[in-house]
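Comments concern the structure below.
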Amino acid sequence: MSARHTNDMLVDGPFPIRVTAAPSGAELDVSSFLAKAVFAELFSQAYEDPQGFAEEFADMYELMRSAQHGGADSPARHEFDTRMEKYLGAFADGRIPVYGPQVGRLAARLTQIATPRPVPGQREESAA
C-alpha cells in the first residue's frame, strides 16, 4: 500500500478511488481504473495486432498534431474527435461505477474538502 492514508480510499470497488484535499480543491486518484480498465484493454489490443496497434496510434498522434495546428473547426480536429470517441467506447467510456454506501462516503469527503477553511496566518476580522 502507498504512503497515502487508507481513509482517503472512499471507493473500494470495482475500481478504488482515493480522494485527497489539494490546495485548490480535491484530487481524485483513479489510477486503478486506468490500470485495470484502460491500459489492460490497450495491452490486449497491442498483443493481438502489434503492427496495426502501432500504426493506428501513430496515425492518431499525427491527427492530434494537425488538429492542434488547424484549430477547433479543422477537418483533422473533427476526425480526431470522432476516432477518440470510438476509442473511449472501446477501451473506457470515462465513467467509473460507484456503488451503495460508497457514493455517500465520496460525497461526504468532497463536501468536507469543499468547506472553506481558514488560511494559516490569516487574521480574523475581529483582530483587524
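Every number in this text was worked out from the coordinates using simple rules, so none of it is lab data. Quick caveat: nothing in here was measured; it's all calculated off a predicted structure. Heads up, the Cβs are rebuilt from the backbone with ideal geometry, glycines too, and the neighbour counts pull from every protein chain shown.
Quick look at the values:
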item	result
Percent of Cα pairs exceeding the 18 Å cut-off, where the set is the chain	69
Residue-count net charge about residue 11 - beta-carbon cut-off 11 Å; Lys, Arg +1, Asp, Glu -1	0
Rg followed by Dmax, in Å, when the stretch 46-95 is reduced to its Cα trace	12.0, 35
Karplus-derived 3J(HN,Hα), 6.51/-1.76/1.60, for each residue of the stretch 9-16, Hz, glycine and proline x	8, 8, 10, 10, x, x, 10, x
Hz values of 3J(HN,Hα) by residue in the stretch 33-50 - Karplus curve (6.51, -1.76, 1.60), Gly and Pro given as x	4, 4, 5, 7, 9, 6, 5, 4, 5, 4, 4, 4, 5, 5, 5, 5, 8, x
